[in-house]
Amino acid sequence: MVGLSLGEKNFIKGGIAQDIRTDGRKRLTYRPIFVETGVIPQASGSARVKMGATDVIASVKAELGKPNASHPDKGKVSIYVDCSPTAEPTFEGRGGEELSMELSTALQRCLLGGKSGAGAGIDLSSLSIVEGKVCWDIYIDGLVVSSDGNLLDALGAAIKAALSNTAVPKVQVAANASLDEQPEVDVSDEEFQQFDTTGVPVIITLTKVGRHYIVDATAEEESQMSSAVSISVNRQGRICGLTKRGGAGLDPSIILDMISVAKHVSEQLINKLDSEIAAAEACEEE
């Protein structure tokens with residue numbers, strides 16, 4: 001990104017302090033959101049989300065697998081993000097690799113909860129087919145096509161939209177298999193069931209610039225931040241995950257206030273995203 005002059009930095013900070021950002025938005029207002037579903041035909045589900053000039057794609061692939069011994073009654077979900085070098089010059093080489101790893105880890109924390117699966121925004125129990133024997137393995141891949149800030153929220157929205165677009169084949173399990181044998185399963189080519197996304201959260205990143213925090217920060221605004229806290233909240237208002245970046249420490253009372261703000265903002269974002277997903281799927285069916 002092009003470096004900012006001292007005057008430009010002061011203009012950004014001054015506007016945020018007065019609740020008028022450089023693009024005319026208030027501190028807690030998102031840029032226009034565009035959603036397109038079914039963009040990758042070979043995937044079980046996929047979606048493209050644009051927030052302003054930030055453009056990301058998420059795809060979902062469902063495959064049969066074996067549950068982990070530590071969680072025999074749960075399926076598995078893995079998330080990986082790739083940052084295209086064409087999205088931002090700094091993504092070339094190690095810069096892109098480090099950001100890909102950072103985003104992948106943050107998405108796992110925000111969507112999959114702790115190591116035990118507690119607090120997960122994606123219900124891993126619903127992915128179990130035969131306890132300890134067969135489950136669904138869900139592979140979620142994110143791609144950053146164009147970067148102008150707020151990548152984590154955009155990727156979270158794209159994943160939610162892609163999961164809404166995901167159809168998982170119905171599975172019949174042979175009834176005559178013994179407890180010790182690997183059961184035979186028949187995967188239908190004709191019957192599918194939609195992935196349940198009622199508990200899947202959105203991610204709200206509150207970026208602290210000066211004494212105030214903003215949502216959906218642009219790349220220029222992010223360059224002036226002291227820290228950022230990303231909070232995943234589902235439709236029921238439950239916090240599914242939280243992650244922080246930036247070197248500056250935050251007082252616990254400020255984090256509690258951020259969580260309260262994130263809950264409030266999440267209602268608007270979920271409603272907007274749901275209407276965009278519904279419109280995108282209606283276009284796809286036409």
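The values are calculated or read from the model by the stated rules, or taken from the named source; none is laboratory data. Since we're looking at a predicted model, the values are computed, not measured. Positions of Cβ are generated from backbone atoms using ideal geometry, with glycine treated the same way; all protein chains shown enter the neighbour counts. The area values use the complete protein model at the heavy-atom level, side chains included, leaving out ligands, DNA and RNA. Shrake-Rupley method; radii C 1.70, N 1.55, O 1.52, S 1.80 Å.
Its DSSP H runs of at least 4 residues, each contributing -39,500 (n - 2.57), put the calculated 222 nm mean residue ellipticity of the chain at -9500 deg cm²/dmol, to the nearest 500.
The accessible-area ordering, largest first, of the residues Ile203, Ile239 stands as Ile239, Ile203, per a 1.4 angstrom probe.
Take each peptide in 149-155, 126-132, count the other Cβ atoms within 10 Å of every residue, and average; sorted highest first, the result is 149-155, 126-132.
For the chain, dividing the convex hull volume of the Cα atoms by the residue count gives 141 Å³ per residue. Within the range 1-142, all pairs of alpha-carbon atoms sorted by distance into 10 Å bins from zero give the percentages 10, 26, 32, 20, 9, 3, 0. Of the peptides 186-195, 7-16, the ranking by mean beta-carbon count within 10 Å, highest at the top, reads 7-16, 186-195.
For Thr29, what charge total do you get from the other residues with a beta carbon under 15 Å from its beta carbon, if Lys and Arg give +1 and Asp and Glu give -1? Around Thr29, the surrounding residues sum to 0. Under a Gaussian network description of the chain, with springs only between Cα atoms under 10 Å, the residue in Cys110, Cys135, Cys240 that fluctuates furthest is Cys135. Of the listed pairs Lys61/Lys208; Lys133/Lys170; Lys9/Lys160; Lys26/Lys208; Lys76/Lys272, which have alpha-carbon separations greater than 25 Å here? Long pairs (Cα-Cα over 25 Å): Lys61/Lys208; Lys9/Lys160; Lys76/Lys272. Could you tell me which of rounded, prolate or oblate describes the range 117-235, using a ≥ b ≥ c as the square roots of the eigenvalues of the alpha-carbon gyration tensor, with rounded for a/c under 1.5 and, failing that, prolate when a/b is larger than b/c and oblate otherwise? Note, shape of the range 117-235 comes out prolate. A convex hull fitted to the Cα coordinates of the range 232-285 yields 100 cubic angstrom per residue.
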